[in-house]
Each structure stands twice: as structure tokens, then as C-alpha cells.
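This report refers to the structure that appears directly beneath it.
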Amino acid sequence: MAMTTDVHLRDLRYFLTVAEELHFTRAAERLYVSQPALSKQVRALERQLGVELFRRDRHGVALTGAGEALLPYARRVVDDWAAGAAALDAVRAEGRRTLTVGMSTSPGRGGLLPAIRSRFTAAHPEATVRLRQVSWQDPTAGLADGDVDVAFVWLPLPDPERYAWTPVAEEARLVALPESHPLAARAEIDFADLADEPFLALPESAGALRDHWLALDSRAGRPPRVGAEVAGTEETYEALVAGLGVCLVAAGNAPLITLGGVVTRPVRGVSPSRYVLAWRREQAPGALVRGYVEACREVAGRQGQPLS
């Protein structure tokens, strides 16, 4: 059987077409190849299989017994492959019609997502939008490894030159702390008074974003005390209630963790946080990415970087 293992689909297609036409010239026309090339290819297939598939004489071309035996199987292989190719085309087409949006925390922010979606779907009714929740361990919310097409993320991003983005919101960083904490009695807190507190930190893999939420740029070079690492909203709330540390939080995310026992207060001496919709720069953005970014710009009411 070894001799039949490397038969090419093209050769089976050639065989089938000759078997249907029983005429090499007509078969060659159907296949857009020259008649000598087709004859040569069929002879090569016969040599490979060790049998004659066609009888050629002055009356024309006829299938041999071997050719008759091979015919239904060759047809099945070619038909199955055509079905396989069609299935791949459908997946590719679906991919072109699906936009995957990554995020680590849902960007509530006054109905931002539904507003963007309705504008986007009005312009791209054929498209499907999939939302993907990504853990805080990945500060790019799925962009870095290509899991998502666009993502709502906090700046700074790791490898920022890989991404372009458009602003969504600029928000003050508040401090979240247990309501029993001595500093919770103040209406506003100086960051200098928080510098020695244990802080909740994002996972190490969040890199520059971990540094941002520990406010490294406001610590005059003194390293922060890390009370615990957190990789999601629930973990953050639990760690705050347990008194493991305090943490900075964007104003728009404050409602996610100010449940029973946790309060937020304005902080003096830290820069605001910037929330953006980002996409990969490596190739020109496709129509769906472009459309979603435009919808986001309209809703956020800002102009971001040019879409290049």
C-alpha cells in the first residue's frame, strides 16, 4: 500500500475529469491545463499506482477495471476535500465578520459599551461583537497574544510601540480602604500619608501597569510595601475587607469595590489614570477594528491617534 500514500489531490482531480469526459483534450480544457501536461500527469499517477487507469486507442479513451475500481473512492476524496475547503472558507468568513473585544473590568462608565455597540452595528450589521473578559495578569486584555482584536485597557501598556489607542476616559485615582482604617475619616488624603501603607498589587506579569497602580511615580524612589497580590475585582474587595492593604482605583471603577465595609477617598499627589481602546499596530486595522474605533471615538467624544 505504500505506493498509494502520496497521491496528490490534484492527480485524483485530473483522473476524475478524464473519467467523466473520456477525452483528454476536453478534460484538459476543463482543467485549464495543456493536453500534453494532463496526459503526462495521468501516466505518472498510473506509474505510481502500478496499474493502468485508462485504455487509450484509436476509438478513444475508456476506463480500465482498475480505473472503474478507483473512481468512486477518488470522487469521495475530492468531494470530501471540497467540503473541507468550504468549511474553512466559512470559518474565515466568520472570522472576518466577528470582532472580539477584550477587557479586564467591564467599562460601565455611563453605558459606554451598549452605546458603542449600537453605533458599530448600525454601520456593520453583518458583524458579530464578542466580549472577552481577561484576567489582570494580562495588562493588554488579550491584545498581546492576538486573542482579541481591540481591548479596553489602562495605560501604560507594556511594549507601547506595538499598539495604537484612542482615549475613552481620564479619571482621578482614588484610594480604596477599609472603612475602619484611620485615614478613612478624612475627606481627602495626601499620597504622602499613604506611602508607608501596605498596598494591594497587580500580578508581576502586569509590569508597568502594576507600577502605575502602586503609584511608583509618586514615591520619590522609595519602594512600595505590597500587602497582597490581586488579579480581579472580587479578590481586591476581599483583600480590602480583610485589611491586607489599601489600593488605588480609577473613579469609574470605584462602584465595583465600594461594597459593604470599603470606602474610597480622593488622593492628592497622584496623576489621573487613562482608560483607552487599543489595537495592534502590526498591520493596518481591518474594517471592523476601524469601525469599532470610530464608534468609540464618537461615543467618547474625543479624537485619538490617527488610525494607521
Looking only at segment 98-113, count how many residues are open to solvent by less than 50 Å² (accessible area, probe 1.4 Å), among the small types (Gly, Ala, Ser) and out of contact with any strand residue (DSSP E or B) (no Cβ under 8 Å at 6 or more places or on another chain). 2
Looking at GLY260, GLY286, which is the one that is more than 22 Å from LEU155 (Cβ to Cβ) and in contact (Cβ under 8 Å) with a residue 40 or more places away in the chain? GLY286
Mind telling me which of the residues ASP196, ASP217, ASP211 ends up being acidic (Asp, Glu), open to solvent by 10 Å² or more (accessible area, probe 1.4 Å) and assigned to a loop (DSSP other than H, G, I, E, B)? ASP196
Is there a residue being in contact (Cβ under 8 Å) with a residue 24 or more places away in the chain, out of contact with any Ser or Thr (no Cβ under 7 Å at 6 or more places or on another chain) and open to solvent by 90 Å² or more (accessible area, probe 1.4 Å) anywhere in segment 29-38? no
Out of ALA169, ALA144, ALA184, I need the residue that is buried (at least 16 other Cβ atoms within 10 Å of the Cβ), part of a loop (DSSP other than H, G, I, E, B) and aliphatic (A, V, I, L, M). Which one? ALA144
Hey, ALA62 surrounded by fewer than 15 Cβ atoms within 10 Å (Cβ to Cβ) and touching a residue at least 24 places away in the same chain (Cβ under 8 Å) or not: yes
Do we have GLU298 as open to solvent by 20 Å² or more (accessible area, probe 1.4 Å), touching a Gly at 6+ places or on another chain (Cβ under 9 Å) and more than 20 Å from ALA141 (Cα to Cα) here? no
ALA19 open to solvent by less than 40 Å² (accessible area, probe 1.4 Å) and among the aliphatic types (A, V, I, L, M): yes
Return the pair list, or none, for Cβ contacts closer than 8 Å from residues in segment 66-86 that are under 20 Å from ARG55 (Cβ atoms) to residues that are open to solvent by 40 Å² or more (accessible area, probe 1.4 Å) and among the acidic types (Asp, Glu), at least 6 apart or on different chains. ALA66/GLU52; GLY67/GLU52
May I ask you to list the residues in segment 202-233 that are among the hydrophobic types (A, V, I, L, M, F, W, C) and more than 22 Å from LEU143 (Cβ to Cβ)? LEU214, ALA215, LEU216, ALA220, VAL226, ALA228
When you scan segment 114-141, how many residues do you find that are open to solvent by 70 Å² or more (accessible area, probe 1.4 Å) and of a type outside the set (Gly, Ala, Ser)? 10
Test for ALA239: is it of a type in the set (A, V, I, L, M), closer than 24 Å to ARG186 by Cβ, in contact with a Leu (Cβ under 9 Å, 6 or more places away or on another chain) and not in a strand (DSSP E or B): yes
Suppose we filter segment 196-221 for residues that are over 17 Å from VAL175 (Cβ atoms) and of a type outside the set (Asp, Glu); how many remain? 8
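The values are calculated or read from the model by the stated rules, or taken from the named source; none is laboratory data. What you are looking at is a predicted structure, and each value in this text was computed from that prediction instead of being measured. Cβ sites come from the backbone with ideal geometry, for glycine too, and all protein chains shown count toward neighbours. The protein model used for the area step is the full one, side chains on, heavy atoms only, and it has no ligands, DNA or RNA in it. Shrake-Rupley method; radii C 1.70, N 1.55, O 1.52, S 1.80 Å.
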